[in-house]
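Notes to accompany the following structure.
The values are calculated or read from the model by the stated rules, or taken from the named source; none is laboratory data. This one's a predicted model, so the numbers in the text were calculated from it and none came from an experiment. Here Cβ is always computed from backbone atoms with ideal geometry, including for glycine, and neighbour counts include all displayed protein chains. Surface areas here come from the heavy atoms of the whole protein model, side chains and all, with no ligands, DNA or RNA. Shrake-Rupley method; radii C 1.70, N 1.55, O 1.52, S 1.80 Å.
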Amino acid sequence: MNPLKRFGIDTYMLLLMAMVGAGVILPAQGLMAVGLKQVTWWAVSLLFFLYGAKLDPRSVRSQLLNWRLQGLTLAATYLLFPVLGLIFTTVFGPLLGAQVTLGVLFLAVLPSTVQSSIAFTAISGGNVPAAICAASVSNLIGVVLTPVLVALLLHRAGGSTGPEAIFGIAKQILLPFALGQILRPRIGGFVARHRLLTMVVDRGSILLIVYAAFSAGTVAGLWQAIPALRLVILAAVIALFLALALIIMIRAGRLFRLPEADQSALLFCGATKSIATGLPIAAALFPPDQVGAIVLPAMLYHMSQLLVCAFLSQRPRR
């Protein structure tokens, strides 16, 4: 086995880091940046169209009866995390700067991961159907709720999001998703049989967004505005955020006396955050020159959660 893969570092993560490096060293500028923006927009729309086409509402409904697990997961994602985000930004905001602080708030309102949380639940021997339901419902709600929570938290932090950003979300994400759901009876089988297509669009769109975001940030002078010490502080804040989230999920599973299989699902669905949903929303909500700084906390959290959860999933008893 690849020793890096044992700790959650696979080819996709290496490509993500390569896109960050490319955006910093060889940023897209001029006509290339304009073309990249258009390609990324359509890639994200196609991604959410495929999400809508492959999500079976019946499979979600069948696991909703496990109300303790599903309720705890949603409460962790959309109540606990936003509260923690407000606390962390209040305490550490002066050290992080305005845009990075906004990025921590944005991280706090993202939905749970889908692929990774389900994979880690399966590896640890957890309740996989419940994890599929929890992650799917979290992302389904997040498509609508994350922009709303961003607007509320921005208002709380003294910022704002205009109606144009909300309309952008509806046009780029909600409309393709709804169209996918409508056409699911006709094309759902084709999408399910061709998982490689979904994976290529999924990961390809994220790689495009990462490169575009960090390119725009580099052109706008982002890295001159964020000193190395601030990046070190941000990494420490994200590590603390993740550790606290994991500990709370473990304690909650025990406090509510969930079965061990459900405790694993709660841990991996409740404590993780999705850049697959988050980055497209950020690209639609924020100006291109700000996206790099805003998604930086989510990128660090995503990479950290993969490393830590890969370790925890192989040692559930500990």
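Assorted remarks:
- Residue count for the stretch 239-270 under the criterion of being open to solvent by less than 10 Å² (accessible area, probe 1.4 Å) and under 30 Å from Ala212 (Cα atoms): the result is 6.
- Residues in the stretch 216-244 that are at pLDDT 80 or above and either farther than 22 Å from Phe88 by Cα or among the basic types (Lys, Arg) (or both): 1 in all.
- Total residues in the stretch 106-148 satisfying the condition of being under 14 Å from the mean Cα position of the chain (by Cα), open to solvent by less than 10 Å² (accessible area, probe 1.4 Å) and under 21 Å from Leu246 (Cβ atoms): the figure is 12.
- Number of the exception - Lys273 against (1) open to solvent by less than 60 Å² (accessible area, probe 1.4 Å); (2) in a helix (DSSP H, G or I): (2)
- Selection of helices (runs of 4 or more DSSP H) fully inside the stretch 42-96 by the criterion of at least 3 residues being within 15 Å of Gln181 (Cβ to Cβ), modelled with pLDDT under 90 and not basic (Lys, Arg) returns 57-63.
- Of all the residues in the stretch 172-206, those that are crowded, with 18+ Cβ neighbours inside 10 Å, of a type in the set (Gly, Ala, Ser) and at pLDDT below 85 number 1.
- Number of residues in the stretch 285-303 that are more than 13 Å from Phe214 (Cα to Cα), at pLDDT below 80 and surrounded by fewer than 22 Cβ atoms within 10 Å (Cβ to Cβ) equals 1.
- Selection count, the stretch 26-41, where residues are surrounded by 19 or more Cβ atoms within 10 Å (Cβ to Cβ) and either in contact with an Asp or Glu (Cβ under 8 Å, 6 or more places away or on another chain) or not in a helix (DSSP H, G or I) (or both): 2
- In the condition set (1) at pLDDT 80 or above; (2) more than 17 Å from the chain's Cα centre (by Cα); (3) not aromatic (Phe, Trp, Tyr), Arg318 is compliant with all but (1).
- Where Leu306 falls short, out of the listed (1) in a helix (DSSP H, G or I); (2) at pLDDT 90 or above; (3) closer than 18 Å to Ala119 by Cβ: (2)
- Test result for Ile248, within 30 Å of Trp41 (Cα to Cα) and modelled with pLDDT of 90 or more: no
- The combined condition, being at pLDDT 75 or above, assigned to a helix (DSSP H, G or I) and under 23 Å from Ser45 (Cα atoms), is not fulfilled by Gly168.
- Only residues that are free of Cβ contacts under 8 Å to residues at least 40 places away in the same chain, over 19 Å from the mean Cα position of the chain (by Cα) and either closer than 24 Å to Val137 by Cα or open to solvent by 30 Å² or more (accessible area, probe 1.4 Å) (or both) were counted in the stretch 67-93, giving 5.
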